[in-house]
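Each remark here refers to the structure printed beneath this line.
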């Protein structure tokens, strides 16, 4: 059995938080030899209600994160927009890229405030409410807002599905290239160029997995790649595999944790 659900955040948090998600399996679920989490342009808070009972923060990924899960899983995640977590933390997010660390090391106030209440809660909705109420309190007390330039740049890249040059991006948001790169390093954790590549990579996955039939020349055109070697080079950089190897593999987490599957209260059992 595998259960994955997503929940929309409160309206006052939607400029920061993309969604909350809950992922649960029982001990009978069969895992592959290696599972992957692919780069998606988001940072996350992770609360593990299994034997470990731990809270963590996961930074941006620049390549696939591989690990071998075992046994039952019971996780709650808070998925932030690329620009969404920095106003709460003011931590240089470049320092968090490709890292997963204990929450108290980077956000001790949140870790302390939640404390044992989080791990004593028995209902999924109650767990989400505890995190959300605390985030709402922080926003209200400190009048938190995302950096306008960074938020606009992230939204522009996403709306263009990664198919926008940095020159055009800076022109649209009214900020110089070097300034934008410094802001992204600080507030997002990856460069604007790398972020556009990640979003475009996610589009490839969505196109292929949603289509009943597809042709790679069409994917090249739709995703704005110059040629097949360019697409394969990016795909291997972010997944560690060629496109054909990836889509022939059976990796549960890679299927769930990608943009095309993220719908509120989406769930699947198999």
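A few remarks follow.
- So residue 215, is it more than 16 Å from residue 154 (Cβ to Cβ), touching a strand residue (DSSP E or B) at 6+ places or on another chain (Cβ under 9 Å) and modelled with pLDDT under 90: no
- Answer from 197, 241, 233 - the residue that is at pLDDT 80 or above, outside the structural domain of residue 81 (by TED's automatic domain parsing) and either touching a strand residue (DSSP E or B) at 6+ places or on another chain (Cβ under 8 Å) or exposed (fewer than 14 other Cβ atoms within 10 Å of the Cβ) (or both): 233
- Test for residue 138: is it in contact with a strand residue (DSSP E or B) (Cβ under 7 Å, 6 or more places away or on another chain) and either without any contact (Cβ under 8 Å) to a residue 40 or more places away in the chain or farther than 28 Å from residue 243 by Cβ (or both): no
- Selection within the stretch 141-164 - under 11 Å from residue 82 (Cα atoms) and either exposed (fewer than 15 other Cβ atoms within 10 Å of the Cβ) or in contact with a strand residue (DSSP E or B) (Cβ under 7 Å, 6 or more places away or on another chain) (or both): none
- Pairs with Cβ under 7 Å, 6+ apart, first in the stretch 82-106 and free of Cβ contacts under 8 Å to residues at least 24 places away in the same chain, second outside any strand (DSSP E or B): 89/106; 89/107; 91/106
- Only one entry of 46, 94 meets the criterion of being more than 18 Å from residue 191 (Cβ to Cβ) and at pLDDT 95 or above, and that entry is 46.
The values are calculated or read from the model by the stated rules, or taken from the named source; none is laboratory data. Note that the coordinates shown come from a computational prediction; the quantities given were computed from them, not determined experimentally. With ideal geometry, Cβ positions are generated from the backbone for all residues, glycine too; neighbour counts draw on all protein chains shown.
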